[in-house]
Amino acid sequence: MIINFINMNGYGIYVFSAFIFTLINFAGLYFIVRSQLKKEQQKFAKEFSKLDEQKAFEANKQNINKEILLTGTFSKT
Amino acid sequence: MGLFNQSKIFLLTNKYQKFILIFFLLVLSVGLLEALFLSPQDYLQGDSVRIMYVHVPSAWISLGIFSLIAFLSILVFIFKNRNLIIIAKSFAPSGFVFTLIALVTGSIWGKPTWGTWWAWDARITTMLILGLFYLMYLLAWRIFEDRNSVVKITSLISIIGAINIPIIKFSVDWWNTLHQPSSIKILSDSSIHEAMLLPLIIMTAAFALFSLLIFLMKYNTELIKIKTKGLNRL
């Protein structure tokens, strides 16, 4: 039954190639974009840590800056 | 434009990314189950018809995203809103990948159906042109450093490229092509059986969720880049 499913009457190689290509592209794009996001978050945190107290206070007035520092892609970095 | 407040959008997108990822994986799982196991074979194409469930949604979404980028680019020219530029730019990577998927899976489907991997048929050629426009759009963002120039160039690429969208859509009606005319019509009855329409809709929903997820992540990346530059200016 499994062999019949994989074979798909001779079309299995085409069907699974198409599905696997799609899923590999999804995974690839997801991990590339995720790593870019993390890299930018780290760069932001590094620049933020260089600020003196007064400038850090000013920067912290913006909610978005606090949010960038607090959150990773889905978790804290 | 309060609707395009960057801080609000960042907070929202950050909050919902995780939910969209989970929802995407759920919908994709159901879609794969329907597409590979539950949907019937085609009476002519047999099991090779299952390639349709990745090929057609990819093509639809790549066309939809490019149309959206072109529309946003027109708005950029009118309103000069910086956020619209970031939104357009953030949609491009997933649009390009969906075009690539549509071309490659179409080629794979072509072999058992038409007996060839590639043909310079009107639909395939215009899709390839769409892929080249996506590539030009993405490369322009990398090549040009002057902000004003890159916005103008990318907007022009997308607006000129949008001329190709109706050509892709109607290519099967205007010319004799290997592709069949549309089986799914919004304004009249579709010729596709509902047993095949259901997995097609589910897979389209899954792919749309994926492009939304990539958009949100890319949008946040772009926003953080801007905020990092802002820190340097404090």
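The values are calculated or read from the model by the stated rules, or taken from the named source; none is laboratory data. This structure is a prediction, so every number in the text was calculated from the model and none was measured. For neighbour counting, all protein chains shown are included, and Cβ atoms are generated from backbone atoms with ideal geometry for every residue, glycine included. SASA here: full protein model, heavy atoms, side chains in, ligands and nucleic acids out. Shrake-Rupley method; radii C 1.70, N 1.55, O 1.52, S 1.80 Å.
Points worth noting:
- Shielding by other protein chains, A:3-14, mean Cβ within 10 Å: 4
- Rounded to the nearest 10 degrees, the angle from helix B:6-33 to the longest Cα principal axis of chain B is 10 degrees.
- Residues in segment B:52-63 carry Karplus couplings, in order, of 3, 6, 10, 5, 5, x, 4, 5, 4, 6, 5, 5 Hz; the curve used is 6.51 cos²θ - 1.76 cosθ + 1.60 with θ = phi - 60°, and Gly or Pro positions show x.
- Normalised by residue count, chain B yields a Cα convex hull volume of 142 Å³ per residue.
- Debye equation applied to the C-alpha atoms of chain A, log10 I(q)/I(0) at 0.19, 0.28 Å⁻¹: -0.84, -1.20
- Shielding by partners, peptide B:43-56 (average Cβ within 10 angstrom, other chains): 4
- Inter-chain neighbour count for A:60-69: the average number of beta-carbon atoms from partner chains within 10 Å of each residue's beta-carbon is 5.
- Taking all protein chains into account, the per residue accessible area for the protein assembly as shown stands at 53 Å² (1.4 Å probe).
- Backbone phi angles across segment A:3-16, fed through the Karplus curve with coefficients 6.51, -1.76 and 1.60 (θ = phi - 60°), yield HN-Hα couplings of 5, 4, 5, 5, 6, 6, 6, x, 9, x, 4, 6, 4, 6 Hz in residue order; Gly and Pro are listed as x.
- Phi-based couplings in Hz for segment B:73-86 (Karplus 6.51, -1.76, 1.60; Gly and Pro marked x): 5, 5, 5, 4, 4, 7, 9, 6, 8, 5, 5, 5, 5, 5
- Taking the protein heavy atoms of segment A:2-74 in the context of the full set of protein chains, the accessible area attributed to carbon and sulfur is 60 percent at 1.4 Å.
- Signed unit charges on C-beta, dipole axis of chain B, positive-most listed residue B:Trp117, B:Ile168, B:Ala92: B:Ala92
- Summed buried accessible area for A+B [probe radius 1.4 Å, Å², rounded to 100]: 4100
- Anchor A:Lys55: aspartates and glutamates whose Cα lies under 14 Å away (excluding residues fewer than 8 positions away in-chain): A:Glu47
- Reducing segment B:99-128 and segment A:4-77 to their Cα centroids gives an inter-centroid distance of 31 Å.
- Translational D in µm²/s for the protein assembly as shown (Stokes-Einstein at 10 °C, 1.306 mPa s, Kirkwood Rh from C-alpha pairs): 75
- Legend: residue pairs B:Lys8/B:Lys89; B:Lys169/B:Lys218; A:Lys61/B:Lys152; B:Lys80/B:Lys152; B:Lys15/B:Lys229; A:Lys46/B:Lys8, Cα-Cα distance threshold 22 Å; pairs beyond threshold, B:Lys169/B:Lys218; A:Lys61/B:Lys152; B:Lys15/B:Lys229; A:Lys46/B:Lys8.
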